[in-house]
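We did not get these values from a lab; they are worked out from the coordinates using the rules stated. Note that the structure is predicted; figures quoted are calculated from it, not measured. We place every Cβ from the backbone using ideal geometry, glycine too, and count neighbours over all the protein chains shown.
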C-alpha cells in the first residue's frame, strides 16, 4: 500500500505545481477544503453533522484522525463534493489531497485500508494515470501468484466423479469478475472434498486401466511394465507430462505397498489419486525463475503455456500448445501470438471463442436474468433462458464481424430473435413483437426509438431488475462501474436499502427516499444513469405508461468523471450514444478485458500494456481479437515483479 501511495504522491508533487515545497497543508490542503468542502461542512452549514474548516494537519487527535480518514474515502469514491456543488476538483487535485491524507495517517501510525487491490475495487486505480503517455514507461509491478485452478478445470480433472457441489466454486460478491488473490486460498474443507473426489474418480479410472493391463500381460508384458504404462498414461492426462524416473519409482512403491495390504487394484487407485492431489495439479505456479537486471521475473515457457491455456480455455494446455512452447527457435512472445490465433481460429473446438462469449456474459452480467423470479402475468409468458440465448447469439454475431465490438454491442438496433425457441413461452412479447411474429434467421432491425444494443435488450433489463419492479439503481450502478470506471461506497450496514411500497406511486416516485441528503451522495452516482431505462418494464418490454401515468425517462448527469457524458438526458438512446462514443468508456472496457484474461486487477505497472492494448483495439477498427492478442502477449502477461525480500529482524 505504501509503495502505491508514495508513487502517487511523487506524481502529485509534479502535478501539484510545487505546492508541497514548504507547508503542504497550508498551501494545498486548506485551500482545497475551502474551495470544495467548507460551503457544506463549515461554520454555517454542517451537512451530515460534519465540519471540516477546523481540521489541522495533526493526526494526534483521534476524532480528527477519524474525520480525515472519512474524508479520504469520500474523495476517493467521489462522494465529495456532492453533485449539487458549484465546482469540482480536477482528478490531479483530488489525488494530491488523497495522498497527503493517506501518508499523514500512516506516519501517525494509523492504518489506512487500501481497497484498490481487493476484488470489486479495481476502478480505484486512477484511470487518467493508467492511460497517460507519461506513465507508459513503467515496468510490471504485480508479483507472482500461486493460483488455485478454476472450478471448470477441477471438474474436468475429476470428470466422472459425482460432484454435488464444486469445492473450487468462486464466490462473486462484486459481480462476475474475479481476483484470485487472498480469499481463494486452499482450506481444510476443500482438501477433504477434493480428496474424496480424487478417490472416487481414481476408483473408476483404475478399473478401466485394469482392462488395458490385462491386455498388455496377455501380449507378454510384465505386471510392472503394464502398471508403469498405466501410471505414465494417467500422468499425461492430468499433468500433461511424463513422470521423472524418481517420481515413477515412488509411485510404483506406493502401488505395491497398497496392493499388498488391500489387494488389486487399490494400489493403482491410490497412485491415481495421488497424482490428482499433487500441488502441480491443483495449483498454477508463477515466477519460479530468477529476476533479470530490470528486476522482472520472466515466466518460464511451461508457465506461459499454462497461463495462456487457462486464459483462453479455462483448462490446462493441450499437446499442441506444449509442443509449440518447446520450440526454442521462436521467442515466447511470438509463440503466444501464434497460439492465441490458433485457438481463436479453431472452428472444430471453439473453446476460445466461447471464452470470449463468457467475458461478455460476465461483463454485461446478463446470465443473472435466469435467476430473477417473475410472477406470470396475463397475456405474457416470461422465459428468461430464451432471452439469454438470444443475447448470446447477438454477442457471437458481433464477435464474428469483429469490428467496433463494444460500440456495436451498445448501439446496434439489430437483434437476433429465435422465435422457435420462444413459441411455447410467448417471449416475442418481451420485444413488443406480436405472438404470431414470423421467424427469420437474419437480425431483426428495430426502429431507432425502440431498441438500441445490449442495455435495452430484454435479457439485460431483466437481469438488472427485481422480482416485481425495475431497478434503476442497479442499472445505474452497472453503468457507473463497467462503462464509466467509477466507484460507489458500500451500503452502510445500518441502512435498510428498500423503497417504500405504494401501489399508487410509480417506481420513480417511490425513489424519492433516495434523495435524502445522507442517501443521495451515493445515489447521485447511480440513479441518473439508470432512470432513462424506465422506458422498459421489468420484463424488458417497451412502454409509455406506468400506472396510467406517462413514464418519465429524463435525467441529468453531473460530475460523472467523463465530461462528454454529463448533461441533460431525454431518452435512454441519448445516454447510450454518449457512452458508446466516449474514448474514456472504451478504455474502461479495455481495463475489464484485462482483468478477465489476467485474473487480477490492473496496477500502475500495467499502464504500458493497457495503452498498447487500447491502441491495438483502435488501430484494428475495434477488433476484440486484436485486443486479446495484445493483452496475451503483453509485458503484463510475460513478466512478474521481483519478490520483495523481507528484512531480517533481530531477536
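Overview of values
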{"read-out": "Theoretical FRET efficiency, 1/(1+(r/R0)^6), r = Cβ-Cβ of residue 239 and residue 87, R0 45 Å, to 0.05", "value": "0.15"}
{"read-out": "Most to least packed among 348-361, 396-409, 537-550 [average Cβ atoms within 10 Å]", "value": "396-409, 348-361, 537-550"}
{"read-out": "For segment 376-580: Kirkwood Rh in Å [reciprocal of mean 1/r, alpha carbons]", "value": "17.9"}
{"read-out": "Inter-probe distance in nm under a simple model that places probes 7 Å from Cα toward Cβ, at residue 448 and residue 491", "value": "3.9"}
{"read-out": "Percent breakdown of C-alpha pair distances by 5 Å bin, ordered from the shortest bin, for segment 328-484", "value": "2, 8, 16, 19, 19, 14, 9, 6, 3, 2, 1, 1, 0, 0"}
{"read-out": "Percentage relative contact order, segment 151-284, counting C-alpha pairs under 8 Å, at least six apart", "value": "27"}
{"read-out": "Mean separation of Cα contacts under 8 Å (6+ apart) over length of the chain, as relative contact order %", "value": "17"}
{"read-out": "Kirkwood Rh (inverse of mean 1/r, distinct Cα pairs), the chain, angstrom", "value": "28.1"}
{"read-out": "Relative contact order (%) - criterion: Cα under 8 Å, at least six apart; region: segment 254-379", "value": "12"}
{"read-out": "Computed FRET value (nearest 0.05) for residue 558 with residue 378, which takes r as the C-beta separation and R₀ as 41 Å", "value": "0.50"}
{"read-out": "Quotient of Cα Rg and 2.2 N^0.38 Å for segment 195-307, N being how many residues it contains", "value": "1.29"}
{"read-out": "Helix 223-239 vs. the chain, principal-axis angle (Cα, 0 to 90°, nearest 10)", "value": "10"}
{"read-out": "Contour minus Cα-Cα distance for residue 25 and residue 516 (0.36 nm per residue)", "value": "173.5 nm"}
{"read-out": "Segment residue 302-residue 319, length gained on full extension (0.36 nm per residue, minus Cα span)", "value": "4.9 nm"}
{"read-out": "Estimated 222 nm signal from helices in the chain, with DSSP H stretches of n ≥ 4 weighted -39500 (n - 2.57), rounded to 500", "value": "-14000 deg cm²/dmol"}
{"read-out": "Rounded to 10°, Cα long-axis angle of helix 188-218 versus longest principal axis of the chain", "value": "30"}
{"read-out": "Label-point gap, in nm, between residue 219 and residue 261 - each point 7 angstrom along Cα→Cβ", "value": "3.4"}
{"read-out": "Extension gain from residue 170 to residue 577, taking 0.36 nm per residue of separation minus the Cα-Cα distance", "value": "143.1 nm"}
{"read-out": "Helix 245-262 axis, angle to the chain major axis (alpha carbon atoms, nearest 10°)", "value": "70"}
{"read-out": "In nm, spacing of pseudo-spin labels at residue 396 and residue 345 (7 Å Cα→C-beta vector)", "value": "2.1"}
